[in-house]
Amino acid sequence: MSLWSSFFITLLPAVIVQFLLWRHAMKTANAGWVDLGWTLGMAIGAVVLLAVLPFGPRSAAVFGVVLFWSLRLASHIYFDRLKGDKPEDGRYTALREHWGEKAKVNFFFFFEGQAFLSALFLFPATVVAGRGGAFPDWRDVLGILIAFGAVAGESLADRQLAAFRRNPANKGRVCRNGLWRYTRHPNYFFEWLHWTAYSVWAIGAGGYWLTWIGPVLMYIFLRYVTGVPHTERQSLKSRGDAYRLYQQTTNVFFPWIPRNPS
């Protein structure tokens, strides 16, 4: 099966999932469900590819890793941002206000665009699954270690931030606990690191260049589009000078030793 064939058979279930979530999001006035749809689309796509591609230990391993990553992130998104009466993410509220009367239609295309990305981001794992040779080799071991290490790092960062926010004494303060001491966005960094695992894992495979879709696009989205810019704006608005000091002392994305304030 060609990569493009695998793309289209994973695109269809992702489109259906996002359509159902779009309808729910319009009823609840919370477009944050699109993020859940992106991760669930990848989980379903991984199961589909595992069922239709030639089965082997490498394909089972790589799609198992994708499934583990996607379900972990989906559960975090649901419980942290969606369950109960949590307010809509500010990014989507701003889009809703900007689009006005066209918001419902524009959100439909926005949701379905995420379905396209779900299928596209399965390319790296599909390339890994098609790599020949005995399993496991050093690329398998290193790829799996990076992938699970990244998921563990992102999960730890999420827990550290959640624990900080639960303490009423920290209201208006900046979290510098644990991983947040070394980068202002450890969750984004580890999410990006996860996608580099497939590029390591696929070394020597046909279509290897396609594995860079993951780390390159994810870095662009997180660093310059949907992640860091919005989060930094919101943090400056809510924490003011405390966050400006944090910006002076702590790297924005890649972890490093904190600097002295200028």
Problem set entry | Unique residue being exposed (fewer than 15 other Cβ atoms within 10 Å of the Cβ), of a type in the set (A, V, I, L, M) and either modelled with pLDDT of 95 or more or not assigned by TED's automatic domain parsing to the domain that holds residue 218 (or both) when the list is 94, 147, 115, 119 | 94
For this session: Taking only region 7-35 into account, find how many residues are of a type in the set (S, T, N, Q) and crowded, with 23+ Cβ neighbours inside 10 Å.
Result: 2
Exercise. What do you reckon, is residue 195 in a helix (DSSP H, G or I), of a type outside the set (A, V, I, L, M) and under 20 Å from residue 67 (Cβ atoms)?
Worked result: yes
Problem set entry | Any chance residue 38 is within 26 Å of residue 159 (Cα to Cα), modelled with pLDDT under 95 and aromatic (Phe, Trp, Tyr) | yes
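Results for (1) free of Cβ contacts under 8 Å to residues at least 24 places away in the same chain; (2) within 28 Å of residue 106 (Cα to Cα); (3) outside any loop (DSSP other than H, G, I, E, B), shown as yes or no for each residue.
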residue: 13; (1), (2), (3): no, yes, yes
residue: 16; (1), (2), (3): yes, yes, yes
residue: 23; (1), (2), (3): yes, yes, yes
residue: 30; (1), (2), (3): no, yes, no
residue: 39; (1), (2), (3): no, yes, yes
residue: 48; (1), (2), (3): no, no, yes
residue: 54; (1), (2), (3): yes, no, no
residue: 59; (1), (2), (3): no, no, yes
residue: 66; (1), (2), (3): no, no, yes
For this session: Tell me, yes or no, whether region 64-84 has at least one residue that is more than 30 Å from residue 203 (Cα to Cα), of a type in the set (A, V, I, L, M, F, W, C) and in contact with a Gly (Cβ under 9 Å, 6 or more places away or on another chain).
Result: yes
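So that you can scan it fast, the table gives a plain yes or no per residue for (1) outside any helix (DSSP H, G or I); (2) under 15 Å from the mean Cα position of the chain (by Cα); (3) farther than 30 Å from residue 61 by Cβ:
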{"site": "161", "(1), (2), (3)": "no, no, yes"}
{"site": "164", "(1), (2), (3)": "no, no, yes"}
{"site": "210", "(1), (2), (3)": "no, no, no"}
{"site": "213", "(1), (2), (3)": "no, yes, no"}
{"site": "216", "(1), (2), (3)": "no, yes, no"}
{"site": "220", "(1), (2), (3)": "no, yes, no"}
{"site": "238", "(1), (2), (3)": "no, no, yes"}
{"site": "244", "(1), (2), (3)": "no, no, yes"}
Exercise. Only one residue in 135, 148 is under 30 Å from residue 2 (Cβ atoms), hydrophobic (A, V, I, L, M, F, W, C) and outside any helix (DSSP H, G or I), so which one is that?
Worked result: 135
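Residue-by-condition table, conditions (1) more than 20 Å from residue 146 (Cβ to Cβ); (2) buried (at least 16 other Cβ atoms within 10 Å of the Cβ):
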| residue | (1), (2) |
| --- | --- |
| 174 | yes, yes |
| 188 | no, yes |
| 198 | no, yes |
| 219 | no, yes |
| 228 | yes, yes |
| 238 | yes, no |
| 250 | yes, yes |
| 253 | no, yes |
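The values are calculated or read from the model by the stated rules, or taken from the named source; none is laboratory data. Quick caveat: nothing in here was measured; it's all calculated off a predicted structure. Cβ atoms come from the backbone with ideal geometry, glycine included; neighbour counts cover every protein chain shown.
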